[in-house]
Amino acid sequence: MKDIEMRGIILQKYYELRRKNFQVLQARDFDNTLTQEEISDISRQLSEHYLIEWKPMGVGSIVGMGRITAQGIDVIEDNGKNSPIQIILDSRQYNISHASNIQIGDHNIQDVTMFVKENSIESLTEYLRAQAVGDKDIEELKKIIRDTPKPKDKSDLRDKLGSWIGKMAEKAASGIWKIASSTAADLLTKALCVFYGLS
């Protein structure tokens, strides 16, 4: 499949998710017709032309979060007219097939504040275990928390813990966790913000 075809398919998926915040797309969202590498590469291309916003999940990660921009919405709704990059819009519909791993609404995000307590590594650990995060990954996070100065704000948190969050998002995308792949990064960031007392 050519890049101009993949651009249309991926931009349409972001368009379908336009009422949501940043989303992690994965191969299963496209019935495995696209690889994770293709999704990430094409998302970067779309971002370079301001059709989506794109945030890689750490240095060297093939997973990232994206959301469509107003310009991207215009390209879809105008059937590809005035696109700043060559694109073929695909009329096929790709339905998310892993329904057991989809978050509906913001219930999971709200749960974080109910279970994670500020400066309580125990509550953070229990919450992550409840989401099926492995003990090895939790121990790695604990070491990072011990060895890293407390983040000053959310941006500082992403700088200091972004690589770990990115690695965990990749695991969510593979279906290992109970966390919805589309919200894993947001959920982990929120849990760590509550733990650190960051608003």
Requested in this report: Please work out if Ser181 is of a type in the set (Ser, Thr, Tyr), more than 18 Å from the chain's Cα centre (by Cα) and either modelled with pLDDT of 85 or more or assigned to a loop (DSSP other than H, G, I, E, B) (or both).
Outcome: no
Query raised in the report: Which residues, counting only those in the stretch 28-69, are without any contact (Cβ under 8 Å) to a residue 12 or more places away in the chain and among the small types (Gly, Ala, Ser)?
Result: Gly60
Query raised in the report: How many of the residues making up the stretch 31-45 are hydrophobic (A, V, I, L, M, F, W, C) and within 16 Å of the chain's Cα centre (by Cα)?
Result: 2
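The rows are residues; the columns are (1) of a type in the set (A, V, I, L, M); (2) over 27 Å from Leu161 (Cβ atoms).
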residue	(1), (2)
Ile4	yes, yes
Lys13	no, yes
Val24	yes, no
Asp31	no, yes
Gln36	no, no
Arg44	no, no
Tyr50	no, yes
Met57	yes, no
Arg67	no, no
**Report entry** Qualifying position, being outside the structural domain of Lys190 (by TED's automatic domain parsing) and surrounded by 21 or more Cβ atoms within 10 Å (Cβ to Cβ), among Asp78, Asp29, Asp41
**Finding:** Asp29
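The values are calculated or read from the model by the stated rules, or taken from the named source; none is laboratory data. Remember, it's a predicted structure, so these values are computed and weren't measured experimentally. FYI the Cβ positions are ideal-geometry reconstructions off the backbone, even for glycines, and counts take in every protein chain you see.
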